[in-house]
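Please read the structure below before turning to the comments.
The values are calculated or read from the model by the stated rules, or taken from the named source; none is laboratory data. Because the structure is a prediction, the values reported are computed rather than measured. All Cβ positions, even for glycine, are placed from backbone atoms using ideal geometry, and neighbour counts span all protein chains on display. Quick note on the areas: whole protein, heavy atoms, side chains included, nothing else; ligands and nucleic acids left out. Shrake-Rupley method; radii C 1.70, N 1.55, O 1.52, S 1.80 Å.
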Amino acid sequence: MKSVILSLLVLICFLNAFSQQDQYKATQAEIDRMHQELKADTMLAKFISWHGDAESMYHAYKKNLHLADSIWKADQASLSVMDIGETEKLEIIPLIDWFTASDSLQGENGLAYLIKTDDTTILFDLGLNPKTKHPSPLLHNMEKLGVSINEIDMMVISHNHPDHVGGPKWSMENTFSLSNYQMELQNMPVYVPKPMTYPGLHPQYIPKPTKIAKGVATIGIIHKPIFLNDIAEQALAVNVKGKGIVLISGCGHQSIEKIVQRTDLLFEEPLYGMLGGFHFPMEEKRNITWIYKYFVVDKMPWERLSDQDVQYNIELLKNKGVKCIGFSGHDSCDRSLKLFELAFGKGFRKMTVGQSIVLK
C-alpha cells in the first residue's frame with residue numbers, strides 16, 4: 001500500500017511539473033502569429049534560422065521570461081537601501097560612441113566611457129573595434145584625449161555584447177579586450193555581468209548591487225530575455241553630492257522602467273540623471289541597420305518601437321524629476337534622440353566622443 005501511495009505522489013509531482021512546464025510555453029495563437037510574421041519578413045525568417053528552430057526558440061524565450069521575472073521579483077524582495085557615500089564631482093568622458101567632437105577622433109557602433117569621481121577613475125565598457133585593428137579606436141581616442149591606461153583604477157563591463165567588450169571574438173569567448181590583443185592590465189579590478197575571464201586577471205562577477213568605490217555602485221544584474229537569448233546587464237550608479245543619483249548605462253536592455261525601479265529601491269537620494277545607451281532604434285538610418293530592430297527592448301523581433309513607446313519612457317523619467325539625460329547614438333536612432341531632446345531641453349546631452357560632461 002505504501003509503495004502505491006509513493007508512486008502516486010511521484011506521479012502527481014511529475015504531472016504538476018509537466019503542467020507548469022507547459023504553462024510557460026508559447027500558445028498556439030502566438031506560434032501562428034510568429035509564422036505569419038516570418039512569412040512576411042523573409043530577412044527575419046533567415047536571421048532566426050541561423051540561430052535554430054523558430055518554434056523551439058519561442059518556447060525557450062517564454063521559459064526565459066518566466067525565469068527572469070522570478071529572479072527579478074526575488075531580487076527586489078531581498079534588496080534594501082544602500083549607503084554608498086557621495087562624490088563632490090562626476091565627470092564622464094565618452095571615449096567610444098557614434099558621434100565625435102572632431103575629425104581627429106574615431107566614432108563607431110560601440111560604447112566606452114571614462115568615469116571620474118573625486119578619487120576614482122573607471123573605464124566603463126570597451127567599444128567594438130569593428131576592423132579588429134591595433135591601436136583600436138578606443139586606444140586611438142584615449143591617446144588623442146590624453147587618457148592613459150595607468151590612470152584607470154578599475155573597469156566595469158555592462159553586458160557581454162560585441163560593441164561593449166571590444167569585438168565579436170571576445171564576446172564569443174566570454175572575455176574582453178581594449179584592442180585586437182589582450183594587453184597586460186596589471187591586476188586591475190574588473191566587474192563583469194557574467195562569469196568572464198582575462199589573462200592574468202580575476203574578473204569579479206557580482207550579480208547583486210555592490211559598492212565598488214566611494215559614491216559608486218553597480219545596481220546589480222537585471223536579466224532581459226529576448227527572442228534570441230538572455231541578456232544580463234548591469235548599470236552604474238553615482239551619488240553626486242547636492243544632486244542625487246546619476247545612472248550610467250551600456251544599452252539599457254533591462255528597460256528604463258526596471259532600472260528606475262531598482263534605483264528607487266536601492267537609494268534614498270533622488271534620481272538626478274541617466275546617461276549612456278538606452279536602445280531606442282525606431283528607424284533604420286545612420287548606423288541603425290536592419291538587425292537593430294530584432295533586438296528591441298520589450299518587443300518581439302517582428303514588433304517595432306513607436307513614438308508612443310518613447311513618450312512612455314520620457315514621461316516616466318519626467319515624473320521622477322530627472323534633470324539630466326545623456327543619450328548614446330550607438331544604439332538609438334536620431335528620431336528617438338530628438339524626442340528626448342525636445343522633452344528635456346537644456347537637460348539633454350548627446351553623448352559625443354571627446355565632449356566631457358561634468359556634474360558637481
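Output the relative contact order of the range 157-268, whole-number percent, from Cα pairs under 8 angstrom with separation of 6+ residues. Worked out over the range 157-268, it gives 19 percent. Here the range 44-92 is treated as a Stokes sphere of Kirkwood radius computed over C-alpha pairs; at 10 °C and 1.306 mPa s its diffusion coefficient rounds to 107 µm²/s.
In terms of distances greater than 20 angstrom between alpha carbons, the cross-link table entries K89/K323; K224/K338; K214/K350 yield K224/K338; K214/K350.
A convex hull fitted around the alpha carbon atoms of the range 286-328 yields 89 Å³ per residue. Its Kirkwood hydrodynamic radius, worked out from the mean inverse distance over all distinct Cα pairs, puts the chain at 21.6 Å. Take the chain and mark each of the chymotrypsin sites (Phe, Trp or Tyr not before Pro) that is in a DSSP loop with at most 16 other Cβ atoms within 10 Å; the longest unmarked stretch, sites excluded, is 182-360.
Modelled spin-label separation between K338 and S70, with each label point placed 7 Å from Cα along the Cα-to-Cβ direction: 4.5 nm.
Relative to the longest principal axis of the Cα atoms of the chain, the long axis of helix 28-40 lies at roughly 50 degrees.
Under a no-solvent Debye model with one identical scatterer per Cα of the range 195-241, what's log10 I(q)/I(0) at q = 0.14, 0.23 Å⁻¹? Here the Debye-derived log intensity ratios amount to -0.46, -0.90.
The slack in the chain from M300 to E37, taken as 0.36 nm per residue of separation less the alpha-carbon distance, amounts to 93.6 nm.
Note on Q23/E173: beta-carbon distance plugged into 1/(1 + (r/R0)^6) with R0 of 51 Å gives a FRET efficiency of 0.90.
Sorted from greatest to least, the principal axis extents spanned by the alpha carbons of the range 257-334 come out as 41, 22, 19 Å. When the chain is treated as a GNM with alpha-carbon contacts under 10 Å, the residue of I231, I149, I84 showing the greatest mean-square fluctuation is I149. Note that the range 230-360, at 25 °C in a medium of 0.890 mPa s, gets a Stokes-Einstein diffusion coefficient of 163 µm²/s from its Kirkwood radius over C-alpha pairs. The mean sequence separation of alpha-carbon pairs under 8 Å and at least six residues apart, normalised by the residue count of the chain, gives a relative contact order of 17 percent. Based on C-alpha pairs under 8 angstrom that are at least 6 apart in sequence, the range 191-247 has a relative contact order of 24 percent. Would you work out what percent of the accessible area of the chain, with all protein chains in place, is carbon or sulfur (probe 1.4 Å)? Roughly 53 percent, rounded to a whole number.
Counted over all Cα-Cα pairs of the range 179-218, pairs farther apart than 17 Å make up 39 percent.
List the aspartates and glutamates whose Cα lies under 17 Å from the Cα of K346, skipping any in the same chain that are fewer than 8 positions away. Candidates past the 8-residue exclusion: E315. The tail of the calculated P(r) for the range 119-231, taken as Cα-Cα distances beyond 16 Å, holds 61 percent of the pairs.
Distance between the modelled labels on K131 and W290, one decimal in nanometres: 2.6 nm (7 Å Cα→Cβ projection). Our coupling estimate for the range 343-360, obtained by passing each phi through the Karplus curve with A = 6.51, B = -1.76, C = 1.60 and θ = phi - 60°, is 6, 10, x, 5, x, 8, 10, 8, 6, 10, 4, x, 9, 6, 10, 10, 10, 7 Hz, Gly and Pro reported as x. The DSSP beta bridges internal to the chain are antiparallel in roughly 55% of cases. I need the shape label for the range 96-179. Rule: rounded when a/c is under 1.5, else prolate if a/b > b/c, else oblate, with a, b, c from the alpha carbon gyration tensor. Judged from the Cα gyration tensor, the range 96-179 comes out oblate (a/c at least 1.5, b/c at or above a/b).
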